[in-house]
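**Q** Here you go, one structure.
FYI, it's all coordinate maths here, none of it is from the lab. Since the structure is predicted, the reported quantities are computational estimates derived from the model, not experimental observations. Don't worry about glycine lacking a Cβ; one is built from the backbone with ideal geometry, like all the others, and counts go over all protein chains shown.
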2 protein chains.
Amino acid sequence: MKKISEAVVRRLPIYLRFLNELHVRNIQTISSRDFGERLGMNPAQIRKDLNYFGEFGKKGIGYDVPYLIEKIQQILKLDQTIHVALVGAGNLGHALCNYNIYLKSNMKITAVFDDFPEKVGSQINNLIVQPMSELTKTVQSQAIRIGIITVPASEAQNVADAFVKAGVEAILNFAPSIIKVPQEIKVHHADFTTELHSLAYYLD
Amino acid sequence: MKKISEAVVRRLPIYLRFLNELHVRNIQTISSRDFGERLGMNPAQIRKDLNYFGEFGKKGIGYDVPYLIEKIQQILKLDQTIHVALVGAGNLGHALCNYNIYLKSNMKITAVFDDFPEKVGSQINNLIVQPMSELTKTVQSQAIRIGIITVPASEAQNVADAFVKAGVEAILNFAPSIIKVPQEIKVHHADFTTELHSLAYYLD
C-alpha cells in the first residue's frame, strides 16, 4: 500500500468518532455530503481520504455506518488490544485516565507512573500509581505499546528515554517541549498551546 | 491571499514552538534540512508551508530564527492580545489553566467557569471560578474571543451554545463529542482519543 500522509491518518479518528455517534443514534447510512457538512469538511476530501484504503461508499447511497466503523477500526488497528502507559499523575494525567471510559476500542491506559513519593501508591480510577523504577518491568509484562507523557517540559526527555528503553513503539507527548527519540518510534505532540495558536489564525 | 489549508495552519504553531526552543538556546539560523530533521518532517514541506506567507529563508543559509518567530507570530495573530475563557473546572480544566504559564504569547486564559456549586468561587492559579450565569457578561467585558470546553460530552453542546451566544469567535473543544455551531465560528476538536487512535496506525 502506498504511504499514507499523516494528515489523512489524523483525520480517520475524527471520522470514526463521528460514525460512532451516528451508530449510537441508529443511523445506518450517511452520504459524503452530509458527512462533510456535519464535520465542517469538504466531502471530496473525505471521499479521497477513505479511497486510499478501499471502496467503502456506494454511489447515490453513501457509506454504510457500521461497515465503515469496522473498516476504519481495522485501518487504525483498533481491532487489536493496545495497552498504553502514562507517566505524570498530575491534573492532566488524571484527566486522561478519566478518558479511558470513552475509549470504546481495545485501547486502554493500563498503567500510570510518577516519581513523586506522595503520588506513588495513590489510585486513579482503578489504577495504582507506580514508581518510575517499575516502568520497564510493567511495560514488558503488560505488553504496553504506547506511552503518554504528561510531566513538565523539563522532565519530558527523561520520560521519553525511559519509554524507549522499556520498548514502547509510539509516544503521545503532552509536555510543551520537543523530545528526541530513535527514528522508528512514532511521536505525536498533543500540546494544547499549538491547538490554541492555530485557532488564533482564524480570528478576524 | 489565497486560502491556506487547515493542515498548514496547524503546523505553524509546531514550527513556532521549535523556533522558540532554538531562540532560548541562542541559535540564530536554521536550515530547512535541520528544521525538518529535528521535527521529523520533510524539509520541502516546511519550505512550502512557509512560502505561502512569504520568502522568509535565504538560499544556502536558511531561516533567521528571531525573524521567522516574529513572522509566524504575525501570521497566527499572536502579536495581538487574545483572551480565552474556559468552561469546566475539572482535572483537564485545571491542567489547561496551568499551561497558561507556557503561553509566552499574548494569549491567556483569563476566565474560568463551572456550574458545580462546590467549584464556583474556588481558585485555579490566579483565576476565580465563576458560575455560568456570568459567562456572557465576562466574555463581553474582557473581550474574550476564544472559548475552551472541558466539560463532559453530554454538556458540551450547551456550553458551545453559551459561548456562541456570548460572542466568542472560536472554540477549542476537548469534550469527546461533536458540537454544532454557526458556520462563522471556528471549532477545533482536541480530543485525546483521536490522538491516541491515529498513533495506533503506526504500530507494526
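**Q** At B:V24 and B:I4, where each label point lies 7 Å from the Cα along Cα→Cβ, what is the point-to-point distance in nanometres?
**A** In this crude label model, B:V24 to B:I4 measures out at 2.4 nm.
**Q** Loop only per DSSP, at most 12 neighbouring Cβ atoms within 10 Å: give me the GluC sites (Glu not before Pro) in segment B:140-204, ordered by residue number.
**A** B:E184
**Q** Which of the residue pairs B:K3/B:K180; B:K77/B:K108; B:K59/B:K186; B:K48/B:K77 have a Cα-Cα distance greater than 25 Å in the structure shown?
**A** B:K59/B:K186
**Q** I need the Kirkwood Rh of segment A:82-196: take the reciprocal of the average 1/r across all distinct C-alpha pairs and report it in angstrom.
**A** That comes to 14.0 Å for segment A:82-196.
**Q** Using a basic spin-label model with each label point 7 Å from the Cα along Cα→Cβ, how many nm lie between A:N158 and B:L203?
**A** For the pair A:N158/B:L203, the computed spacing is 2.8 nm.
**Q** List the GluC sites (Glu not before Pro) within segment B:6-97 that fall in a DSSP loop (any state other than H, G, I, E or B) and whose Cβ has at most 14 other Cβ atoms within 10 Å.
**A** B:E55
**Q** Just to be sure I understand: with springs between alpha-carbon atoms less than 10 Å apart, which residue in A:N106, A:N126, A:N98 has the highest mean-square fluctuation in the Gaussian network model of chain A?
**A** Its mean-square fluctuation being the largest, the pick is A:N126.
**Q** Would you mind telling me which residue in A:A44, A:A170, A:A190 has the biggest mean-square fluctuation in a Gaussian network model of chain A, where springs connect alpha carbons within a distance under 10 angstrom?
**A** Ranking A:A44, A:A170, A:A190 by mean-square fluctuation puts A:A44 first.
**Q** Just report the Cα centroid separation between segment B:157-203 and segment A:14-77, whole Å.
**A** When both Cα centres are located, 19 Å separates them.
**Q** Classify segment B:79-143 as rounded, prolate or oblate, taking a ≥ b ≥ c as the square roots of the eigenvalues of its Cα gyration tensor: rounded when a/c is under 1.5, otherwise prolate if a/b is larger than b/c and oblate if not.
**A** Oblate shape, in that a/c is at least 1.5 and b/c is the bigger or equal ratio.
**Q** Return an integer: the convex hull volume of the alpha-carbon atoms of chain A, in Å³ per residue.
**A** Cα-based convex hull of chain A, divided per residue, equals 149 Å³.
**Q** Sticking with this structure for a sec: Provide the net charge surrounding A:L50, with neighbours chosen by a C-beta distance below 11 Å and charges set as Lys +1, Arg +1, Asp -1, Glu -1.
**A** Charge balance near A:L50 sits at +2.
**Q** Write down the radius of gyration of segment B:6-75 and its Dmax, each obtained from C-alpha positions, in Å.
**A** Cα-based Rg and Dmax for segment B:6-75 come out at 10.8, 31 Å.
**Q** Here's a follow-up. Treat the protein assembly as shown as a sphere of radius equal to its Kirkwood radius over Cα pairs and apply Stokes-Einstein at 37 °C in a medium of 0.692 mPa s; give the translational diffusion coefficient in µm²/s, rounded to a whole number.
**A** Rounded, D is 147 µm²/s.
**Q** Give me the dipole magnitude in Debye, nearest 20, for the protein assembly as shown about the Cα centre, with unit charges on the beta carbon: positive for Lys and Arg, negative for Asp and Glu.
**A** Magnitude of the dipole: close to 1200 debye.
**Q** A further question on this structure: I'd like the trypsin sites (Lys or Arg not before Pro) in segment B:45-99 restricted to DSSP loop residues with at most 13 other Cβ atoms within 10 Å, sorted by number.
**A** Sparse-neighbourhood loop trypsin sites (Lys or Arg not before Pro): B:K59.
**Q** Helix by helix, which DSSP H runs in chain B go 18 Å or more along their axis at the Cα atoms and have an average Kyte-Doolittle hydropathy of -1.0 or more?
**A** What comes out of the filter, once short or polar helices are dropped, is B:6-24, B:153-166.
**Q** Just how large is the dipole of chain A about the Cα centre, in debye to the nearest 20, putting +1 at every Lys and Arg Cβ and -1 at every Asp and Glu Cβ?
**A** Dipole of chain A, to the nearest 20 debye: 780 debye.
**Q** Would you work out the relative contact order for chain B, in percent, from Cα pairs under 8 angstrom that are 6 or more residues apart?
**A** The value is 13 percent.
**Q** Given charges of +1 on the Cβ of Lys and Arg and -1 on the Cβ of Asp and Glu, with all other atoms neutral, how large is the dipole of segment B:6-75 about its Cα centre, in debye to the nearest 20?
**A** The dipole of segment B:6-75 has a size of about 120 debye.
**Q** Add -39500 (n - 2.57) for each DSSP H run of 4 or more in the protein assembly as shown, then divide by its residues: what number comes out at 222 nm, to the nearest 500 deg cm²/dmol?
**A** -12500 deg cm²/dmol
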